[in-house]
Amino acid sequence: MDFYYVPGSAPCRAVQMTAKAVNVDLNLKLTNLQAGEHLKPEFVKLNPQHTVPTLVDGGFSLWESRAIQIYLVEKYGKNDSLYPQDPQKRAVVNQRLYFDMGTLYQRFADYWYPQIFAKAPANPDNLKKMEEGVEFLNTFLEGKSFVAGDNLTVADLSILATISSYEVAGFEFSKFPNVQKWYDNIKDTAPGHEINKAGCEAFKRFF
């Protein structure tokens, strides 16, 4: 499977960790966004939105990291532990994935990406929203070892990629003890954690 990616990207890291969890080897295709490689006709043919990550499995092309994570687990997972079949358990995993995409990761991007890529001043209101997102996660983790149930799921891997980006950016977790405990327990034990750490090292150059 070809995997078009950039190492520092949290969504790319989430997919790589998921592939590791289901023992799938990815043929890594480093994609230079600054050089416009994602805008080349051959890439746009694979993904009209010309975004990374993009996965190509035979003749099947898929983008959006959380959709890719689910696809990998459903097709290559040995059981349903990472993405349960039970409708209610799966619903919680889905909710956490959507929360990551629409709140936790989005608020990180809203605060930091204008500063990084447009040299805009920091927006304190966006910082407050980012902190509120982590507070939500802290509530989800009350009395829990994992973000979406009693065991590791793709939601943990997706949110781990996001929260490790928060750490790279110098976010202070001391006010969010449940998040800190979860992060301390998972960052060195999750499948593919070494890939995540290497990607975080690449991401540090922006800070």
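The values are calculated or read from the model by the stated rules, or taken from the named source; none is laboratory data. None of these values were measured; they are calculated from a predicted model. Neighbour counts are summed over all protein chains in view; Cβ atoms, including those assigned to glycine, are modelled from backbone coordinates with ideal geometry. For the accessible areas, the whole protein counts, side chains as well, though only heavy atoms, and no ligand, DNA or RNA atoms are used. Shrake-Rupley method; radii C 1.70, N 1.55, O 1.52, S 1.80 Å.
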Problem - Scattering profile of region 2-76 at q = 0.16, 0.26 Å⁻¹ [log10 I(q)/I(0), Debye over alpha-carbon scatterers] - result: -0.50, -1.29
Exercise for the section: First compute the accessible area of the chain with a 1.4 Å probe, then give the percent of it belonging to carbon and sulfur atoms. Expected result: 53
Practice task
Whole number in Å², please: accessible area per residue of the chain, 1.4 Å probe, ligands, DNA and RNA not counted.
Solution key: 50
Problem - Cα-Cα over 24 Å, subset of 119/175; 45/89; 129/175; 75/181; 20/75 - result: 119/175; 45/89; 75/181
Problem - Cα→Cβ-extended label distance, 7 Å offset, between residue 127 and residue 40, nm - result: 4.1
Problem - Neighbour cut-off at most 16 other Cβ (10 Å), DSSP loop, GluC sites (Glu not before Pro), region 101-207 - result: 142, 172
Practice task
Set the Förster radius R0 to 22 Å, insert the Cβ-Cβ distance between residue 30 and residue 109 as r into 1/(1 + (r/R0)^6), and round the FRET efficiency to 0.05.
Solution key: 0.55
Handout entry: Using distinct alpha-carbon pairs, which all enter the 1/r mean, Kirkwood radius of region 68-206 in Å
Key = 15.7
